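The values are calculated or read from the model by the stated rules, or taken from the named source; none is laboratory data. What you are looking at is a predicted structure, and each value in this text was computed from that prediction instead of being measured. Neighbour counts are summed over all protein chains in view; Cβ atoms, including those assigned to glycine, are modelled from backbone coordinates with ideal geometry. These area figures cover heavy atoms from the full protein model, side chains too; ligands, DNA and RNA do not enter into them. Shrake-Rupley method; radii C 1.70, N 1.55, O 1.52, S 1.80 Å.
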Amino acid sequence: RRDQSVESFKVVRQFNPRGIVFANMSAKSEPEEMRRAVEMLEADALQIHLNVAQEIVMSEGDRDFSGYLKNIEAVCQNLSVPVIVKETGCGICAKRMAQLIDVGVRVIDVGGAGGTNFLAIEAARRSDRVFDEILGWGIPTVITLLETRLLKEGASEVIASGGIASGLDMAKALALGASAVGMAGCILRRILEQEFGDALEEIKSELELLRNIMLLTGASRVSELKKVPLLFKGETYQQLACRGHDLRTLAQRR
């Protein structure tokens with residue numbers, strides 16, 4: 001029963017009294033359910049995840065996604081903590097970001113393609129191969145990050161996740177417009193294959209690499225990475241050009 005699981009969630013704040021805690025809910029959840037989750041965890045923010053592609057690959061997944069935007073708008077209007085909307089590996093285009101911003105979302109985690117492939121994970125649980133053709137579905141993190149440039153400047157804060165695995169990846173994401181980055185797979189893999197302490201050392205090492213890259217690019221603050229010139233090539237260049245991004249300006253900025 002739901003009531004019996006409450007204590008298993010509350011323990012997060014008990015063991016992490018001064019840390020940052022996010023409540024994570026599906027966009028299909030009722031606003032009142034989201035509010036209770038925040039209250040239960042004493043959360044600093046509510047993270048609402050979007051995982052439509054993952055759901056349709058799951059045999060037992062949702063098939064009705066109506067009402068998502070309405071739920072998000074309602075909770076943005078009535079919740080006292082920030083609301084973060086996060087994709088889970090498929091990225092978000094500028095049009096969808098604009099819709100989220102219009103209903104009050106001020107933080108978007110792009111969750112681009114390139115990291116953990118939840119579609120492939122769910123497909124591996126099936127006996128058929130009906131979804132093989134769309135297992136690579138999604139907007140790469142670099143593309144979805146630059147989609148924010150098609151929005152009004154300052155309309156939202158952006159978190160970059162989806163394949164961020166090193167200090168160099170962090171630097172690129174921050175230069176592409178992110179305010180923060182999220183790492184998961186590479187850290188969890190280090191914990192699984194070695195020890196927790198090794199994962200901490202890995203994080204410290206990647207942060208040191210980020211600082212060195214900042215030094216080499218002349219960025220004294222993380223925010224100054226957004227002024228570093230950017231060059232693109234190959235398929236990424238073609239996709240960005242088709243989407244209307246001013247790549248020449250990005251290459252000459254400073």
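Residue order by solvent-accessible surface for PHE131, PHE15 is PHE15, PHE131, largest first, with ligands and nucleic acids left out and a 1.4 Å probe. For VAL228, neighbours were defined as the other residues whose beta-carbon sits under 9 Å from its Cβ, and their charges (Lys and Arg +1, Asp and Glu -1) total +3. Here the relative contact order of the stretch 1-135, from alpha carbon pairs under 8 Å that lie six or more residues apart, stands at 21 percent.
For GLY197, the shell of other residues with beta-carbons less than 12 Å away shows a net charge of -2, using +1 for Lys and Arg and -1 for Asp and Glu. Over all pairs of different C-alpha atoms, the stretch 15-104 has a mean inverse distance whose reciprocal, the Kirkwood radius, equals 13.8 Å.
ILE187 contributes an accessible area of around 20 Å² to the protein surface, as traced by a 1.4 Å probe with all chains present. Note on surface exposure: TYR68, TYR237 rank TYR237, TYR68 by accessible area, highest first, 1.4 Å probe.
Rounded to the nearest 20, the size of the Cβ-charge dipole of the stretch 176-253 about its Cα centre is 580 debye, with Lys and Arg at +1 and Asp and Glu at -1.
Under a model in which nothing but the beta-carbon of Lys, Arg (+1) and Asp, Glu (-1) is charged, the stretch 70-222 shows a dipole of about 420 debye around its Cα centre.
Projecting the Cα positions of SER29, GLY163, CYS186 onto the charge dipole of the chain (unit charges on Cβ atoms of Lys, Arg, Asp and Glu, taken about the Cα centre) puts GLY163 furthest along the positive direction. For the cross-link pairs LYS204/LYS233; LYS152/LYS226; LYS152/LYS227; LYS86/LYS204, the ones whose C-alpha atoms lie over 19 Å apart are LYS204/LYS233; LYS86/LYS204.
Between the C-alpha center of the stretch 33-70 and that of the stretch 166-183 there is a gap of 25 Å.
A Stokes-Einstein calculation at 10 °C with viscosity 1.306 mPa s, built on the Kirkwood radius of the chain over Cα pairs, returns a diffusion coefficient of 80 µm²/s. Solvent exposure of CYS242, expressed as accessible area, is near 120 Å², computed with a probe of 1.4 Å over the protein chains only. Here the relative contact order of the stretch 103-153, from alpha carbon pairs under 8 Å that lie six or more residues apart, stands at 47 percent. Between the residues ALA175, ILE48, LEU145, the greatest Cα displacement towards the positive end of the dipole of the chain, with unit charges on the Cβ of Lys, Arg, Asp and Glu, is found for ALA175.
Dipole of the stretch 177-254 computed with +1 at Lys/Arg Cβ and -1 at Asp/Glu Cβ about the Cα centre; of PHE232, CYS242, LEU209, farthest Cα towards the positive end is CYS242. Placing +1 on the Cβ of every Lys and Arg and -1 on the Cβ of every Asp and Glu, with no other charges, gives the stretch 1-131 a dipole of roughly 180 debye about its Cα centre. Considering only alpha-carbon pairs that sit under 8 angstrom and 6 or more positions apart, the relative contact order computed for the chain is 13 percent.
Ranking of THR236, THR141 by solvent-accessible surface, largest first: THR236, THR141 (1.4 Å probe, protein heavy atoms only, all chains present).
Classification of the stretch 1-150 by its C-alpha gyration tensor yields an oblate form. The axis ratio a/c (a ≥ b ≥ c) is 1.5 or more, and b/c is at least a/b. The accessible surface of the stretch 206-248, taken with every protein chain in place and a 1.4 Å probe, is 55 percent carbon and sulfur. Taking all protein chains as they are arranged and a probe of 1.4 Å, the heavy atoms of PHE22 leave approximately 90 Å² accessible to solvent.
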